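**Q** My questions will all concern the structure given below.
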Amino acid sequence: RPPEAEEEEVEVGWQEKLFSQFEVDLYLNESACQTPLDWQYHEEIKKLEKAGGRKNCRIFTYTDHDRFTNQEELCQKVTDLDHEVPSYLVERMANVRRRRQDRRPVEASSLKSKIITWEPSEEFIKNSHVINTPVQTMYIMGDLGPYGKLGHREYENVLCTIKVDGNGVIIVKPDFTGTKGAYRIELDGEKREVWEYTIENASAQVQPEAEEREQRVFRDLYGRHRDYLSGLVGSDFEMPLPGTLRLFMNGEIVSAQGYEYDNLYVHFFLELPNQWSSSPFQQLSGVTQTCATKTVGWDNVAYFCYPFTVEMFYTQEDEGVFPYSLPQWPVLYFEVLSLDFWQRYRVEGYGSLVLPACPGVHVLTIPTWRPVELGTVAEMRRFFIGGSPELEDLTYIRIPSTFKGKRLSRYGFRTETTGSVTFRLCCLQQSKAFLENSALRQRMQSVLDRLGGFSQQSSVYNVLEAFQRARRRMQEARESLPQDLINTSASTV
């Protein structure tokens, strides 16, 4: 075997067609040419023959328009089984043309009015159910047949597959060789020949001017897309007044577990402290449905999944203090009760929950208790006829609303620990003070980045932040003084 046949190096461009010996023999025959692409290949091969023949020997390519590319997409297997039975999704994926899809341009006005397709067609469902991103494919092949017997389809092997989708993502499989070493192909023949090949990226480096121009194009494209999304969403958002905090909470009473009796329900209400308010139509209390319990592990659990929504507003009297001082937060009071077949109800437990001060999702499990009386008479009454000691004021669970002193004593009040209730709270906070504070933080951060050091950075930031607060308070104090007092002191100085 000649030594030049053992090694070959070819530089291949994107969608560059390199003919194999089989294609040369095929397309030179005019009777085998049927499609316009076949006749185009026939003319190109005739020109190659006049110019001295093809330069490549074993390495050739199949472009996106070739028959091999279409057949390869339909014949791909999900597993390596010899007798694989394609599933329903595989068959549907095979029927969807992933490359060069014809999409009609849609105007922006129609997109705004058709964000949701209420009556989708069968074709729309088929194209939306599967991944149908337009993809262009190219195969770099190798003719690994014996020397002097090139042009047989059974010796063709895929060396590299390159795909580019509509989003600009390039997929090279297998990857560029790099430091991993050459790839190996072992043929199933008498001689058990082993071929090795490497794949390298021979693209020229982008010039700085071209890269900067590309970045400008990307920024312009992203800016237009951001404006397009802003047009879809709109700008009709209700902004709170300065010095006002808006707290929006989507809550859910998930479950109650560990109680003595079955058929539980929860009664709850929300207490708003001073400077908190809500809309007149906002419901601040509620009762869940009666739910039977099921045994989960060692506990009897009742799953309520009861949702509720609360919207509250906090108005700061001293605008210069917020958000540096934390206000008193709303409290959720609840009681768990049971109702049996004879319509006897019993108090199973009391509990309270301070709403989370941090926005986000919070899952909280709150233990409960109930008051008890000494002796067996109260427990017998609870068992036979229902009823139990109850609280007239549910705020006694935490701090009674009528309490005005400094110390609260509950000496002599007997209670018993019962089960627990699980809440899931999704909290949102909105305030202009957050926007101003974040802008101040970003402005200070840009200066502090030059100083370096995390400890020095935090200390300097705290000093600057304290200076801003002191300056704001001094300005407010100066505005509150009489004008003649300010002028007199200035003339004296």
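The values are calculated or read from the model by the stated rules, or taken from the named source; none is laboratory data. Note that the coordinates shown come from a computational prediction; the quantities given were computed from them, not determined experimentally. Every residue, glycine as well, gets a Cβ built from its backbone with ideal geometry; the counts of neighbours run over all protein chains shown. Heavy atoms of the whole protein, side chains included, go into the accessibility calculation; ligands, DNA and RNA do not. Shrake-Rupley method; radii C 1.70, N 1.55, O 1.52, S 1.80 Å.
**Q** Which one of these does Pro356 not meet: (1) open to solvent by less than 50 Å² (accessible area, probe 1.4 Å); (2) at pLDDT below 90; (3) not in a strand (DSSP E or B)?
**A** (2)
**Q** Within region 296-314, does at least one residue satisfy the condition of being surrounded by fewer than 15 Cβ atoms within 10 Å (Cβ to Cβ), touching a residue at least 60 places away in the same chain (Cβ under 8 Å) and part of a loop (DSSP other than H, G, I, E, B)?
**A** no
**Q** Follow-up. Provide a single number: the residues in region 248-292 that are part of a strand (DSSP E or B) and either not assigned by the TED database to the domain that holds Val310 or not aliphatic (A, V, I, L, M) (or both).
**A** The number of residues fulfilling the criteria is 16.
**Q** List the residue pairs whose Cβ atoms are under 8 Å apart, where the first residue sits in region 234-246 and is touching a residue at least 24 places away in the same chain (Cβ under 8 Å) and over 19 Å from Ala357 (Cα atoms), the second is among the hydrophobic types (A, V, I, L, M, F, W, C) and surrounded by 11 or more Cβ atoms within 10 Å (Cβ to Cβ), and the two are 6 or more positions apart or on different chains.
**A** Pro242/Ala433
**Q** How many residues, within region 359-388, are modelled with pLDDT of 80 or more and open to solvent by less than 70 Å² (accessible area, probe 1.4 Å)?
**A** The number of residues fulfilling the criteria is 10.
**Q** Is it true that Asn274 is open to solvent by 40 Å² or more (accessible area, probe 1.4 Å) and either modelled with pLDDT of 90 or more or over 28 Å from Thr402 (Cα atoms) (or both)?
**A** Criteria not met by Asn274.
**Q** Could you check, for region 216-228, whether at least one of its residues is open to solvent by 60 Å² or more (accessible area, probe 1.4 Å), outside the structural domain of Leu355 (by the TED database), small (Gly, Ala, Ser) and under 31 Å from the mean Cα position of the chain (by Cα)?
**A** no
**Q** Here is a further query. Residue under question is Ser20, and the condition is that it be of a type in the set (Gly, Ala, Ser), open to solvent by less than 70 Å² (accessible area, probe 1.4 Å) and modelled with pLDDT of 75 or more; does it hold?
**A** Yes; evaluated as a whole, the condition is true for this residue.
**Q** Checking Glu319 against (1) at pLDDT below 90; (2) under 20 Å from Phe434 (Cβ atoms); (3) touching a Phe, Trp or Tyr at 6+ places or on another chain (Cβ under 9 Å), which single condition isn't satisfied?
**A** Status for Glu319: all satisfied but (3).
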